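Every read-out reported here was derived from the displayed coordinates using simple, explicitly stated rules and does not represent laboratory data. Fair warning: this is a prediction, and the values are worked out from it, not measured in the lab. Cβ placement follows ideal geometry from the backbone for every residue including glycine, while neighbour counts extend to all protein chains displayed.
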Amino acid sequence: MRLYLDAAATTPLLPEAAEAMRPWLEQEHGNPSSLHAEGRRAKLALDEARETVSNALGCMFGELHFTSSGTEAANLAIIGLALHNTDFARNRVILGAAEHHCVLHTRETLERLGYRVDLCAVNREGGVNPAALENLMAADVLLVSMMHANNELGTINPVALLADLAHSQGAIFHTDAVQTFPFDGGNMPETGADLLSVSAHKLYGPKGVGALAVKAGVKLKPVMVGGGQERELRAGTENVAGAVGFAEAVKWCQANPIAKATREAARDAFRRRLEQASPIVPQWTVMDSPMLGGHAHLRLPGISAETMLIRLDRMGVSASSGAACSSGSLEPSHVLLACGYSMEEAKEGLRFSFGKGISTSEAEKAAELVAEAAEEILKTRT
Ligand code: PLP
């Protein structure tokens with residue numbers, strides 16, 4: 001049996017979500033924009049899903065826009081705002097240096113549109129220091145984008161405070177909450193964000209559906225043009241089955257807050273066992289900052305993530321480095337580089353992320369396998 005410890009990359013679809021989606025994949029085929037009975041039923045299903053997701057996010061029904069992914073939501077938030085802006089005195093955008101690439105890679109487009117992009121430094125544990133943001137803030141900033149929790153390290157940012165700093169200079173605040181929704185197995189806390197991006201496949205919903213909450217009064221231009229779907233903000237026929245599955249997964253997470261405690265217990269058991277069994281002292285990346293319950297991020301100095309992950313995969317353990325894979329080899333993690341690690345260290349980051357199905361004994365078993373893999377790697381060197 002394999003041990004899947006990569007819940008931060010994606011989670012399996014809940015049977016309840018699959019069941020709720022089934023009619024919308026197999027029998028119901030209406031287009032929510034059509035006026036006839038089939039279309040109206042699809043529209044109703046979409047609206048019910050919008051109601052559930054917007055309630056959990058603490059936003060209004062009309063503020064929630066379904067997208068094809070968290071990536072699309074973040075792109076729409078950032079590029080859509082930049083495209084709409086006509087106040088050319090606001091020509092600066094601030095992005096966190098450890099953001100997901102769906103935020104960081106908007107930089108090129110922003111610069112082509114004439115914006116200056118500043119990256120806000122993070123501390124050694126990947127968290128944004130409010131003082132660093134305060135230093136960058138001025139009346140020329142259009143937008144600040146800071147993630148709620150870091151996908152590689154699990155560090156949680158004080159987003160409400162960061163939003164206040166952005167607002168104090170009249171800037172708009174976007175947060176990528178893909179890793180935190182639904183927070184603590186329930187609803188989102190108040191983030192203060194004007195724009196907030198989420199994704200279904202991190203919470204046992206389907207892949208290929210996300211959402212952007214846009215606070216009333218914040219104006220965006222669509223990035224994809226076409227029909228007037230999603231209040232004229234996101235053209236394209238809606239993914240009704242996806243939205244229904246997303247909403248069902250949200251309901252399940254709200255009804256099962258225990259899942260968070262289970263994840264945390266598994267993560268803590270993994271950490272304890274690895275401390276005992278590993279031939280190399282594990283260097284935990286996040287020690288002092290608030291962090292997600294299911295994340296463990298570490299380095300085993302001297303062992304590259306690539307070597308470890310390939311070996312673990314063969315042993316039946318699925319984990320990740322959080323870094324992108326290109327041309328068959330792992331790139332150094334841009335997150336660890338932003339935290340101040342060296343190029344070599346940035347290739348050593350290992351992320352184990354615990355979903356709801358992992359027991360503490362399985363987590364301990366995984367730690368023993370990591371220790372065994374480290375022993376074997378060390379042996380091949382002597
Ligand atoms: N933002 C963060 C923090 C993520 O972890 C991810 C997923 O890896 C994304 C955005 C992208 O979401 P999606 O896979 O739905 O495009």
Discussion item. To the nearest 20 Debye, how big is the dipole of the chain about its Cα centre, given +1 on the beta carbon of each Lys and Arg and -1 on that of each Asp and Glu?
Written reply: 240
Discussion item. Kirkwood Rh and Cα-based Rg: tell me the resulting Rg over Rh for the chain, rounded to two decimals.
Written reply: 0.99
Worksheet item: Going 7 Å from the Cα of M315 toward and past its Cβ, which residues in segment 1-21 have a backbone nitrogen under 15 Å from where you end up?
Response: 1-5
Discussion item. Given R₀ = 22 Å, what would the calculated FRET efficiency be for A89 paired with L161, taking r from the Cβ atoms and rounding to 0.05?
Written reply: 0.30
Worksheet item: What dipole magnitude, in Debye to the nearest 20, does segment 136-209 give about its Cα centre under +1 on Lys/Arg Cβ and -1 on Asp/Glu Cβ?
Response: 260
Worksheet item: Roughly how many whole Å is it from the C-alpha centroid of segment 29-68 to that of segment 190-237?
Response: 12
Practice prompt. Please give the FRET efficiency for A265 paired with H105, using the beta carbon to beta carbon distance and R0 = 35 Å, rounded to the nearest 0.05.
Written response: 0.45
Fill in: FRET efficiency for M287 and D47, using Cβ-Cβ distance with R0 set to 45 Å, rounded to 0.05
0.50
Fill in: Dipole-positive endmost among A73, P279, T180 within the chain (Cβ charges, Cα centre)
A73
Discussion item. Using only the alpha-carbon atoms, how far is helix 15-26 inclined from the longest principal axis of the chain? Give it as 0 to 90 degrees, nearest 10.
Written reply: 40
Response to the item:
Note: E375 to M60 extended length (0.36 nm per residue) minus current alpha-carbon separation gives 108.0 nm
Worksheet item: Hey, fewest Cβ within 10 Å first, where do I94, I258 land in order?
Response: I258, I94
Fill in: Which of C59, C253 has the fewest Cβ neighbours within 10 Å, and the rest in rising order
C59, C253
Discussion item. Based only on other Cβ atoms within 10 Å, what is the fewest-to-most ordering of T10, T360, T285, T175?
Written reply: T10, T360, T285, T175
Item to complete: Pop out the ³J(HN,Hα) list for segment 169-174 in order, Karplus 6.51 cos²θ - 1.76 cosθ + 1.60 with θ = phi - 60°, rounded to Hz; leave Gly and Pro as x.
Response: 10, x, 8, 8, 10, 10
